[in-house]
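S.K.: Would you mind keeping the following structure in view while I ask a few things?
The values are calculated or read from the model by the stated rules, or taken from the named source; none is laboratory data. All values derive from a computational prediction rather than experimental measurement. For neighbour counting, all protein chains shown are included, and Cβ atoms are generated from backbone atoms with ideal geometry for every residue, glycine included.
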Amino acid sequence: MTGSLWMYIPACVAILAASINLTRRLWVVNAAALAFQYLAVFVLLLTVRPPGLALVKLLVGWMVTLALFLSLITDGEVRSFKGFFKYSAGEVFRLLAGLFAVFFLVAFLPDLQMSVFRQTSQPLLLTAFSLLVLGLFQASMISEPFYVVIGLLTFLSGVELLYASLELSILLEALFVGVNLGLALVGAFFVIKDAELPKA
């Protein structure tokens, strides 16, 4: 099952949003990209989940994004779009690493689908594994709490999307919601705590 062509649109949006969050360090941009990522995941979830359950994922994702963004506003640490087109060496490295990972997934996705995930569409499978890899990269390559939490949330979105294509468990869906909200609270705490540390 290769999936309808239109499903590649939200798939590309989710991967692009995750790539922006992996690469850039502009908090307004990162918060917006995370919100678009949740929207794209919601559209893909509509193909494998009832609309009400998929909507819960979207609302929880936007709540998580808002909680993290408000924690930045509270401490006056929000960075603007200024310098969006200026890239540091670290950002270029993360961008190249992310692109390589996605191209690698695209190359091996058909074989993986045929051998393991026969019931999962290619756009959904590509998005799930891309979010898993890009989220893992972000959580391991950047030390600032805000970006680590976004990386973990991206990784978790990939897990949720992959699991949603395989089976339905209301209990596990509720657990995912709890983990997302817990990550948002912990992330907001560490963002505020990091902002309160004296700057060298």
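S.K.: Report, by residue number, each residue of the range 111-155 that is more than 18 Å from Ala33 (Cβ to Cβ), surrounded by fewer than 21 Cβ atoms within 10 Å (Cβ to Cβ) and either touching a Ser or Thr at 6+ places or on another chain (Cβ under 9 Å) or among the aliphatic types (A, V, I, L, M) (or both).
M.R.: Leu112, Gln113, Met114, Val116, Phe117, Gln119, Gln122
S.K.: Return the only residue of Glu144, Glu173 being in contact (Cβ under 8 Å) with a residue 40 or more places away in the chain and closer than 22 Å to Ser19 by Cβ.
M.R.: None of the other options fit; the residue is Glu144.
S.K.: Please find, within the range 102-121, the residue that is nearest to Leu168 (Cα to Cα) out of those that are free of Cβ contacts under 8 Å to residues at least 60 places away in the same chain and not in a helix (DSSP H, G or I).
M.R.: Checking each candidate, the answer is Phe117.
S.K.: I'm checking my understanding of the structure. Among residues of the range 67-101 that are hydrophobic (A, V, I, L, M, F, W, C) and in a loop (DSSP other than H, G, I, E, B), which one is modelled with the highest pLDDT?
M.R.: The extreme case among them is Phe85.
S.K.: Then there's this: Does Leu124 satisfy the criteria of being under 24 Å from Leu72 (Cα atoms), out of contact with any Lys or Arg (no Cβ under 6 Å at 6 or more places or on another chain) and in a helix (DSSP H, G or I)?
M.R.: Considered against the rule, which asks whether it is under 24 Å from Leu72 (Cα atoms), out of contact with any Lys or Arg (no Cβ under 6 Å at 6 or more places or on another chain) and in a helix (DSSP H, G or I), Leu124 comes out as no.
S.K.: A further question follows. Name, by its number, the condition in (1) surrounded by 19 or more Cβ atoms within 10 Å (Cβ to Cβ); (2) at pLDDT below 85 that does not hold for Gly61.
M.R.: (2)
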